[in-house]
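Some notes on the structure that comes next.
The values are calculated or read from the model by the stated rules, or taken from the named source; none is laboratory data. None of the values given here were measured: they were computed from a predicted structure. Glycine gets a Cβ as well: all are built from the backbone with ideal geometry, and neighbour counts include every protein chain shown. Keep in mind that these areas ignore ligands, DNA and RNA; they rest on the heavy atoms of the full protein, side chains included. Shrake-Rupley method; radii C 1.70, N 1.55, O 1.52, S 1.80 Å.
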Amino acid sequence: MTLAIVLAAGPAAGLTTDAGERLVDRLAGQWRRAGADEVRVAADLAELADLVAAATGPVLVSGADLVAHTAVLKHLATSPVGPTVALVLTDPPAAGQATVREERGQVVAVDDPEGATGVFGGALRVGPADLPALAAAARTAAGGGVDRLFADLAGCGTLTFAQRVRLLVAHRVGDPAELAAAQAAVAAVDEDRAELKLSVKERDDFFTTFFVSTWSPYVTKAAARIGLGPSGVTMISVAFAVAAAVLFGVGGRLALVAGGVLLYLGFVLDCVDGQLARYTRHFSAWGGWLDTMADRAKEYAVYAGLGYGATHAGFRYGWALAIAAMTLQTVRHMTDTWYGVLHDEAARRPRAATGDAGGIGGKLNAASTKVQADTGSVSYWLKRTVVFPIGERWALMAVAAALFGPLVALCAVLVWGVLAFAYTGGLRTLRARWMRVPVMSTVDTGLHRDDGPLARTLPAPGRLPAVRQPLVLAVLGALGAAGLLLWALVTVHAGDDLPGWAVAFAFVVLMSGAHGARSAHGGPLDWLVPAALRAGEYLFAIAVGVAGRVSPWLIFGYVFVLTLHHYDLTARLEKRQAAPPLHAATLGWEGRSALLTIGSIAGIVSIALATLGTYLLVVFVASVVLAWVVLPARVRGGDRSPG
C-alpha cells in the first residue's frame with residue numbers, strides 16, 4: 001500500500017488556490033489521483049516520522065508549497081529508475097530550498113552550491129527499504145521542513161534518483177503572487193499531449209530520433225486507445241523480427257526487401273513498447289525483463305536468418321558469420337552493463353578535483369561530458385552513432401540485406417561492431433583507470449561471473465601477483481579458447497583431425513579464469529572480468545564444435561541458449577534483483593565447459609552440445625516460470641491468507 005504525506009509546515013500551508021481550495025488539500029487530492037492508496041496531512045516532521053514508522057509500502061512525501069500537474073506527481077510515484085526518487089527542478093533556489101547535484105540520474109550531493117545542477121522540487125518517493133532512514137531523518141530534522149528532511153535523508157547515505165520535469169510544469173511557491181503565476185503556467189499546458197511527447201526518450205540515438213520517434217507516438221496513442229499493453233507490443237515486435245529472419249533465410253529480392261521492411265517495423269514497435277509504458281505509467285519488473293530479453297532474442301534470430309540465407313545463397317561460412325556476430329554483440333553488451341555499473345559507482349563516489357584534470361582519463365571524461373551536453377551538434381550525434389547502438393544495427397541490417405543480401409549485412413554488422421568495440425573499449429579503459437572504482441566489490445561477484453561448483457572449490461590463488469588478478473586470469477583463459485578455435489579452424493580446413501589432447505589442454509588454460517573467483521575484484525579494470533569469462537566460454541564451445549565437425553546451426557543454437565542465460569543475469573543486475581531461482585542448476589561456465597571437454601574426448605560432441613543446450617534451455621524456461629509466475633502467485637496467496 002502506498003502512503004502519501006503532505007507536510008503542512010511553513011508559510012505555504014495557509015495558501016489557497018483561485019477556487020478557494022487550500023493548497024494542502026489540492027496536493028492531497030492530486031496524490032490520490034496519482035495512485036496513492038492513503039493520503040495523510042502531517043502538521044510537522046514529528047508526526048510525519050510516526051506515520052512513516054507505521055508504513056509498510058512506498059511513502060510519497062511533499063511539502064505544502066508545490067504547484068504541479070498531477071502527471072508530475074504520478075511520474076514520481078511510478079518512476080521505474082529506483083525505489084527512492086526525488087523531484088528535481090531547474091528553478092533558481094529560494095531561501096531554505098535544498099540544491100542538488102546529480103550524475104547519471106543519481107542525486108550525488110545535496111546543498112553543494114558549487115556543483116548544483118538543480119533544486120529539490122519539494123516531493124519524493126521513498127522505497128520500503130529506506131523508510132527507517134526517512135523516519136530517522138524526520139526525527140533529526142524536527143522543526144524543519146521538507147528540504148531539511150531531504151538533506152538529512154541524503155546524509156544517511158540513501159541512494160536517491162532524480163526525477164526531472166520536462167514539458168510539464170512544477171514550481172514551488174511562497175506567496176499568493178507566485179501561486180497565481182504557477183497556476184497559470186500549469187493551465188497553459190495540455191497535460192495529455194505533453195505526456196505523449198514525454199513517452200519518447202529525452203536522448204536517443206540518431207536513427208531512432210529521426211526515423212522512428214518522429215511518428216511512433218501516434219502508434220503509441222493508438223495502442224493505448226485499444227487497450228494494448230507494453231508486453232503485448234513487445235510480443236508483436238518479436239513476431240515481426242522472426243518473420244524478417246525467415247524472409248532473410250528464404251532469399252530472393254522480394255523476400256529480402258519485405259524482410260527489411262518488417263525488421264524496421266519491428267524496431268518501431270520495439271520503441272513503442274517503452275513509449276507505451278511511459279505514457280500509461282504501466283511499469284513492472286516483468287515488463288522490463290521481458291523487453292531486455294526480447295531485444296536480444298529478436299536480434300539473434302535475425303542473425304540466424306541472415307546466416308542461413310548467406311549459406312543458402314552459396315557462401316560456405318554464413319553460419320560462422322552469424323555465430324561471430326552473436327558472440328561479439330553479447331560480449332559487447334557484457335562490457336556495456338558492467339561499465340554502466342562502474343559509472344554509477346563513480347558517480348556516487350566522485351573524485352576530488354585535481355589541477356591536471358586527472359590525466360588522460362580525466363580529460364577524456366571532461367571531453368565526453370562536454371560533447372554530451374552539446375545536444376544536436378555534429379560531435380554529439382557522431383559520438384552516439386559510432387558506438388553502433390541497436391537502432392543503427394537494425395537499420396544497417398535492414399538496408400544491407402534488402403539491397404545487397406544476407407552476406408553483406410552480416411559482414412557490415414561485424415565490421416562496424418568490431419570498430420565500435422575497439423573504440424568504446426579503449427576509451428572506457430582509460431576512463432576506468434582514472435575513476436579507479438572497485439565496482440565488483442558492490443555486487444555478488446560469484447553470481448555475475450556465473451561461477452559454478454568447480455570455481456567455488458578451487459584453492460585460493462598463490463602468492464604471485466599475477467595469479468591474484470582475476471582479469472589477467474580471465475583474459476588468459478579466453479586467449480587459450482581463442483587459440484583452440486584458430487587451431488581447430490586450420491586443422492578442419494586442411495581435412496585433418498584435431499589432436500585429442502588439444503581440447504583438454506585448452507580447457508586447463510580456460511580454467512585459469514576460475515582461479516580468480518576467490519580474489520578481490522577491486523582493480524580499476526576488473527569490470528571487464530565477466531565479459532572476458534563470457535568470451536572464453538563462447539569461444540571454447542565454438543572451438544569444440546568446430547573440432548568435432550558439428551553442424552554450424554547447432555553451434556549457433558547452443559551459444560544462443562548461453563546468451564539467454566547470461567542476459568538473464570545482466571537484466572537482474574540492472575534491475576537490482578536476486579539470482580534466478582534455478583541458477584545453481586546451470587552448472588557455471590566452467591562446469592558446462594568441462595562437460596563439453598568430456599564430450600569431445602568421447603567423440604560425441606554433437607550429442608553433448610545438443611543435450612547440454614536442451615538442458616540449459618529447459619532450466620531457463622523453468623526458472624522464468626518460477627520467477628515470474630509461481631513464486632509471485634505464492635506471495636500473493638500468502639498475503640491473502642489469514643494471519
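Residues are listed down the side, and each one gets a yes or a no for (1) closer than 21 Å to Leu179 by Cα; (2) outside any loop (DSSP other than H, G, I, E, B); (3) among the β-branched types (Val, Ile, Thr):
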| site | (1), (2), (3) |
| --- | --- |
| Ile5 | yes, yes, yes |
| Gly20 | yes, no, no |
| Asp25 | yes, yes, no |
| Gln30 | yes, yes, no |
| Gly35 | no, no, no |
| Arg40 | no, yes, no |
| Leu48 | no, yes, no |
| Val52 | no, yes, yes |
| Gly57 | no, no, no |
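Residues are listed down the side, and each one gets a yes or a no for (1) surrounded by fewer than 20 Cβ atoms within 10 Å (Cβ to Cβ); (2) under 24 Å from the mean Cα position of the chain (by Cα):
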site	(1), (2)
Pro93	yes, no
Val100	no, no
Gly105	yes, yes
Gly143	yes, no
Asp147	no, no
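Candidates are the residues of the range 279-303 that are more than 20 Å from Phe211 (Cβ to Cβ) and basic (Lys, Arg); the one that is surrounded by the most Cβ atoms within 10 Å (Cβ to Cβ) is Arg296.
Restricting the first member to the range 394-420 and to residues that are part of a helix (DSSP H, G or I), and the second to residues that are open to solvent by less than 70 Å² (accessible area, probe 1.4 Å) and hydroxyl-bearing (Ser, Thr, Tyr), the beta-carbon pairs closer than 6 Å and six or more apart or on different chains are Ala398/Tyr264. The residue list Thr16, Thr56 contains one member that is free of Cβ contacts under 8 Å to residues at least 12 places away in the same chain and of a type in the set (S, T, N, Q), which is Thr16.
In the set (1) within 22 Å of the chain's Cα centre (by Cα); (2) open to solvent by 10 Å² or more (accessible area, probe 1.4 Å); (3) touching a residue at least 60 places away in the same chain (Cβ under 8 Å), the condition left unmet by His566 is number (2). Remark: pairs (first residue in the range 515-533, in contact (Cβ under 8 Å) with a residue 60 or more places away in the chain; second residue assigned to a loop (DSSP other than H, G, I, E, B) and among the charged types (D, E, K, R); Cβ separation under 7 Å; 6+ apart in sequence or on different chains) = Ala517/Asp451; Pro524/Arg436; Leu533/Asp450. Residue pairs whose Cβ atoms lie under 7 Å apart, sitting 6 or more positions apart in sequence or on different chains, and linking a residue in the range 293-321 that is under 30 Å from Ser231 (Cβ atoms) and without any contact (Cβ under 8 Å) to a residue 12 or more places away in the chain to a partner that is assigned to a helix (DSSP H, G or I) and charged (D, E, K, R), do not occur here. The set of residues in the range 431-461 being in contact with a Lys or Arg (Cβ under 9 Å, 6 or more places away or on another chain) and surrounded by fewer than 17 Cβ atoms within 10 Å (Cβ to Cβ) consists of Arg436, Gly446, Leu447, Arg456, Leu458, Pro459, Ala460.
Within the range 521-560, the set of residues being at negative phi, in a loop (DSSP other than H, G, I, E, B) and over 25 Å from the mean Cα position of the chain (by Cα) comprises Gly548, Val550, Ser551. Show the residue pairs that are 6+ apart or on different chains and have beta-carbon atoms under 7 Å apart, the first residue being within the range 254-265 and within 15 Å of Val212 (Cβ to Cβ) and buried (at least 23 other Cβ atoms within 10 Å of the Cβ), the second being of a type in the set (Phe, Trp, Tyr) and at pLDDT 95 or above. Going by the 7 Å Cβ cut-off, the qualifying pairs are Leu263/Trp394. Scanning the range 421-455 for residues that are part of a loop (DSSP other than H, G, I, E, B) and either among the aliphatic types (A, V, I, L, M) or closer than 24 Å to Glu392 by Cα (or both) gives Val437, Val443.
Can you tell me how many residues within the range 465-479 are buried (at least 18 other Cβ atoms within 10 Å of the Cβ) and either modelled with pLDDT under 90 or of a type outside the set (A, V, I, L, M) (or both)? So the count comes out to 4. Say whether the condition of being among the acidic types (Asp, Glu), more than 23 Å from Leu476 (Cα to Cα) and open to solvent by less than 40 Å² (accessible area, probe 1.4 Å) is met by at least one residue in the range 528-543. No, the range 528-543 contains no residue that is among the acidic types (Asp, Glu), more than 23 Å from Leu476 (Cα to Cα) and open to solvent by less than 40 Å² (accessible area, probe 1.4 Å).
When the residues of the range 393-430 are filtered to those that are among the hydroxyl-bearing types (Ser, Thr, Tyr) and surrounded by 16 or more Cβ atoms within 10 Å (Cβ to Cβ), the one that is modelled with the lowest pLDDT is Thr429.
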